[in-house]
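Notes to accompany the following structure.
The values are calculated or read from the model by the stated rules, or taken from the named source; none is laboratory data. None of the values given here were measured: they were computed from a predicted structure. Glycine also receives a Cβ, built like all others from the backbone with ideal geometry; neighbour counts cover every protein chain displayed.
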Amino acid sequence: MKKAVCILMILVFLCSCAGNQTRGAKNSESEQRIIGVWMSCYELGAMLDTGNFKNEFCGALENLKRINTTDVFVHVRAFGDSLFESSFYPRNEKTLSYDFDVLDFMISEAKKRNIRFHAWINPFRAPDGSFLSPADEEVRKRILSGIREIASKYKISGVHFDDYFYPSPEYDRDEQAIADYSRLSQNALTTAEYRTASITSLIFSAKNAIKNIDPKLIFSISPAADIEKDKNSFFADVEYWCESGAADWIMPQLYFGFEYNLEKFRFQNLLRVWRDLPREENVKMIIGLPSYKLCTDKEPDNLEWGSGKDILARQVTECFSYKDISGVCFFSYSSLFLEDEIHTASLANIQKAIKIRTPKA
C-alpha cells in the first residue's frame, strides 16, 4: 500500500509544478539542428564480438560524421545489464574479455568527434526479456540508482528511454499492488490511471535524478508514433510529458511513409499531430526516422521503402522545414551505412537534405 500511495502523492506534487506551456517549442534560427542516430544493443554486441571493439566503434563514429551526426544514442542497458562494473546490475558478458572500460572509451571517442553520447536504457526489461512491474518499489529504486550511477560516473551528455513502458493492457504483474491500493482507497484510481501515474512519476523521478547530478544533462524519451496507443496500451501519457516538461527531448518514432495505407499514419499527418501537441517552452521535438525499413519486402511498407532511395531524405527535408522541429534521429546505425545500391543512394540523398537550412513558420 505504501508504495502505491507514494506514487500517487509524487504525481500530484509534480503536476502542480508543471512549467509554462506553448504550442510548439521555439527554436533559435541559429540553433544547430540535431542529427541523431540510435545504436542498438545488437549492433553494439556485434562490435564487441569481433574482439576488436576499439576499431569497430571508432569506424562507426567516422561513419556517423558522414551525416554530421550531433548525437548518438547507445544502448547501454537493454536487458537489465551493464557495460561496466555496476553496483546494481550484472555485467554484460560481451564486455568481460576487454581490459578497458568499454563505456568510458565510447564516450571519450564520441567527444573527440564532437558527438554527444546518450546512455540509452530500457528501464523495465529484465535479462530474460520479460517486463518488470513499474508498481514494484524495488524495481523503481534500482532503475533510479542505475541512472544516478551512470550519470555520476561517466561524462555522458544525457540519458534516454525508448518506448518500452507497459507491454500491454493485459499485463498482470502489478495486480497485487493495484488491488492493495484500491482496497484501502476511498476514491481509487482505475487500473489505467494507476499505471499511467506509475509511469509518469518514474519519468519525473528519472529527470530529477539526472538534473540533480548535472542540470545540463539531457533527459530524452522516444515514444511510439500513435499517441492514443501510447496512453491506452503502454500507459505513457506523452501529451502530459510534453505539456509539463517531463523530458527535455521528445523523440516520437514516426516509422511510416508518405503513402501508408492508413491515412492516420502517413508521415505528414503524424508529423502534424506531434507538432500540434502543446509543449513546455524548453521541450525539444526530434523526429525518429526508420532507416531500417529501406529495402524491406514486407507489406505494405515495401511499396515505398523497398526501393526508396529518397524517402528518408524527403522526411528529413519535411522535418527541417519547420522551426519547431529541432532535428531527426535515425533507427538505426547499421541500416544507414549498408553498401548496396539503394542504401548508398539513400545516404547520399540524406547528406544533401541535411544541408537544408530554410525553416518556415
Checklist outcome for this item: When region 148-168 is checked residue by residue, the ones that are in a helix (DSSP H, G or I) and either in contact with a strand residue (DSSP E or B) (Cβ under 6 Å, 6 or more places away or on another chain) or of a type in the set (Phe, Trp, Tyr) (or both) are Ile150
Item to check | Condition met for Lys293 (out of contact with any strand residue (DSSP E or B) (no Cβ under 7 Å at 6 or more places or on another chain), closer than 24 Å to Asp71 by Cα, of a type in the set (Lys, Arg) and crowded, with 16+ Cβ neighbours inside 10 Å) | outcome: yes
Checklist entry - Any residue at all in region 164-183 that is of a type in the set (Val, Ile, Thr) and surrounded by 23 or more Cβ atoms within 10 Å (Cβ to Cβ)? => result no
Next on the checklist: It is to be established whether one or more residues within region 302-320 are among the hydrophobic types (A, V, I, L, M, F, W, C), surrounded by 15 or more Cβ atoms within 10 Å (Cβ to Cβ) and assigned to a loop (DSSP other than H, G, I, E, B).
Outcome noted: no
Item to check | Residue check for Glu243: under 24 Å from Asp162 (Cα atoms), modelled with pLDDT of 95 or more, of a type in the set (D, E, K, R) and not in a loop (DSSP other than H, G, I, E, B) | outcome: yes
Checklist entry - Of Ala179, Ala192, which residue is aliphatic (A, V, I, L, M), free of Cβ contacts under 8 Å to residues at least 24 places away in the same chain and assigned to a helix (DSSP H, G or I)? => result Ala179
Item to check | Selection count, region 304-314, where residues are modelled with pLDDT of 95 or more and within 20 Å of Glu263 (Cα to Cα) | outcome: 6
Checklist outcome for this item: Going through region 70-108 in order, the residues found to be of a type in the set (Lys, Arg) and either over 21 Å from Phe165 (Cβ atoms) or part of a loop (DSSP other than H, G, I, E, B) (or both) are Arg91, Lys94
